[in-house]
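The block underneath contains the structure these notes are about, expressed in C-alpha cells.
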Amino acid sequence: MRASSSRSPSIVSIPDSDGSDYKPIADSPTGRTSVKRKRISVTTSSTSTVKRANGKGTTKSEVVDIEDTAGPSVTRDHGSEYHAVDEIVKYQKDLLDWFESCRETRGMPWRKRYDPELSMEEKGQRAYEIWVSEVMLQQTQVATVIAYWKRWIEKWPTIADLAKADVEEVNAMWRGLGYYRRARSLLAGAKTVMSKSKYQGRLPDDPAVMEKEIDGVGRYTAGAICSMAYGVRTPIVDGNIHRLLTRLLAVHAPQTSPSTIKFLWTSAETLVNELPEEKGIAGDWNQALMELGSQVCKPVSPDCGSCPLRKECKAYSELSKPPPTPQEPICTLCAPIPLSPNTDKIPSVTIFPMRKEKKVSRSEEESVLVLEWKGESDEDRKWLFVKRPEKGLLAGLFEPPTSPVPTSSSPSKCLDASLISLQDYLEFSAGMGTHRYVSSIPHIFSHINMTYHIHHSVIPSPTPPPILASAPRSTVWLTRDEVDHANVGTGVKKVWAEVYGSWGSFDLDNIPKAKKLKKGNSSAKKKKPLEEVVKNGKIVKKVMMPAMPTRKVKEVI
C-alpha cells in the first residue's frame, strides 16, 4: 500500500469486495463436486431435444444431477443407532497421532500448542491471534491468509491496538480478501472488549458468552478460540467437520435443516466429552478434525486410502455393503440416496453430505455514470465518487454515481436516470457537459447477477460543480492519485476499465484498440465501398457480388 500523508484514510484502496452477508466455511474449496454420477434426461425447458419413445416428435430436455430426479434409489433402512459415534471414540488416539504428524505441514503461524502454564493475559493474546485467523479463513484459503495474518498482527499486535484503529484503516489492511464485513466485525469486537472492564482486555473464555456478546462471533468461532487458546472442552462444527462427520456417520440429510445441524453438533460434543482428561486436548482434537476434513476428506476426490479413520467410516463401508439390519427406532433423519440400477450400494463416499439445493441468483441492473471534471489545464481533472451505506452490499466502498434501473433499459433511459440522480449530489443541470454511452457489462456477486450500464460524462469548467450539503451520501471529487488509491470494489474497477482501458488509467488513448491485421494477409484487404447512386430521389446502394469461380471440365475422349 502506498502511503500519503495528505490522503484521507477514507479513500484507501480495497481491490476486492462484496458486502453481502458471509457464512463461515472451511479452507477447502466448496461447490459442486466433479465426481461422476449417473445422469438421466428429464423434461425441462432446455434447448436440447431427444426423440420420444414412440418416435413421433421431440421433447426438450437437459442433463441434470441424479439427485434432482425421482429415479432409482434405496431407502438404506437403518436404525438411529447406526449413526452413533462409539466406533470413532475407540480410535480417537489414531486421529490425534495423525494430526501430530502433520501439525506443522502447512506452516500456519497461529497454530501453536496449548500451554497450560501461560497466564490468562497470555492466553488472551493467543485468543486474539486465533480469532483474527478464524475470521480471515472464512471464505479464504489458508495459503492466502498466512501473509495477511502476518501483516495484520504486525500492525495491530494486540486486541488493544486494534481497538484504536478506524474502519478505513482496517478495510485497507483487509484489501484483497473480499467480504470486508469480516474486517469490520473484528474491529467492532475489539472495541467491545476494550470498552468494558468485565472482559479485562481479552476475549471471554466462555464460548457461550463470546458468541452472545462479541460482534461477528458465532458458535463455531467461539468454540475454536476457546478450545485452542483457553483449553476449554467444547466442540466445533465448520464446513470441513460438517462434511467429515456426515461421511464418518453416513448421514444423508438436508445439510441446513435444524435436525441435521443439531445432530452433528451433538455428535461433535459427544466426541469431545469422550476425550482423555488432558489439558488442551480438545483444541488438538478440533484442529485434527478440521485438518482431516480439509486435507483428506475433501469435497471432491477424497483420499480415503490415507484416512486414519477409514476403518470406522460408515460411508466407506457402504461402498461394499449396505447398512446393517435396523433395530428400533428406525432413523428418521436420513433421506433416500439415489443409486444406479441393480445395486444397493452407494456409488461414492461423496454422496455424503446430501447435496444442497442451489439458490437462484436474482438479476439487477444499474446505471453507472463516470463523471469527470476538466479544468483549464490537462492536469486539472477530478472524478466524482459516492460512498455506499455502511451496511449491505459493498458497504462503505466508494463508487461513481450509480442508480438502479429497470431491466433492459435503453442507454438513453439509463443516462436520464443517472443525470436525475446526480442532481441530489451536485449543483448540476442535465445540459452541463458532454455524455457518451460506453457499454453494458455483467458483474457477478454471490447472490446477484448484476448488469452495469456505463456512461462517461465530462464537465469542462473553471472549478468542479459544488457538492450539495444535502447530498444523501458522502460525496467527494477525487484527483488521479486519490482515485488510484480509492476504497473501491472489483465492479468499479471493471467499469473504469471500460471507460479508460484499465484501472489506474485516466486517458481515453489507453483504451485497447482492435488488433491490426498483418500485411500480406488476404483478409486484411479493405472491402470495396458500396456504390451509391440516386434514383428517383432515393439513394440506392449497389452491392458488387464477387465473380463466381469457374471449373474446368475434363474432356472425355
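The values are calculated or read from the model by the stated rules, or taken from the named source; none is laboratory data. Small disclaimer: the values here were computed from a predicted structure and weren't measured. Reconstructed Cβ throughout: ideal geometry from the backbone, glycine too, with neighbour counts over all protein chains shown. Remember, those area values only see protein heavy atoms, side chains included, never the ligands or the DNA or RNA. Shrake-Rupley method; radii C 1.70, N 1.55, O 1.52, S 1.80 Å.
Observations, loosely collected:
- Residue in segment 168-180 that is modelled with pLDDT of 95 or more and assigned to a helix (DSSP H, G or I) present: no
- When residues of segment 255-268 are limited to those that are open to solvent by less than 60 Å² (accessible area, probe 1.4 Å) and touching a residue at least 24 places away in the same chain (Cβ under 8 Å), the one nearest to Arg219 (Cα to Cα): Trp265
- Residues that are of a type in the set (Ser, Thr, Tyr) and within 26 Å of the chain's Cα centre (by Cα), drawn from segment 233-250: Thr246
- Being among the aliphatic types (A, V, I, L, M), more than 29 Å from Arg175 (Cα to Cα), modelled with pLDDT of 95 or more and within 27 Å of the chain's Cα centre (by Cα) holds for only one residue in Val405, Val386, and it is Val405.
- Filtered residue count, segment 213-233, keeping only those that are of a type in the set (A, V, I, L, M, F, W, C) and surrounded by fewer than 20 Cβ atoms within 10 Å (Cβ to Cβ): 1
- When the criteria are applied in full, Arg381 meets the requirement of being closer than 30 Å to Gly431 by Cα, surrounded by 15 or more Cβ atoms within 10 Å (Cβ to Cβ) and among the charged types (D, E, K, R).
- Of residues in segment 485-522 being charged (D, E, K, R) and assigned to a helix (DSSP H, G or I), the one modelled with the lowest pLDDT: Asp509
- Some residue of segment 122-137 being open to solvent by 50 Å² or more (accessible area, probe 1.4 Å) and at pLDDT 95 or above: yes
- Within segment 181-212, the set of residues being modelled with pLDDT of 95 or more, touching a helix residue (DSSP H, G or I) at 6+ places or on another chain (Cβ under 8 Å), within 27 Å of Val488 (Cα to Cα) and open to solvent by 20 Å² or more (accessible area, probe 1.4 Å) comprises Lys191 only.
- Residue match in segment 84-107 (condition: small (Gly, Ala, Ser) and open to solvent by less than 40 Å² (accessible area, probe 1.4 Å)): yes
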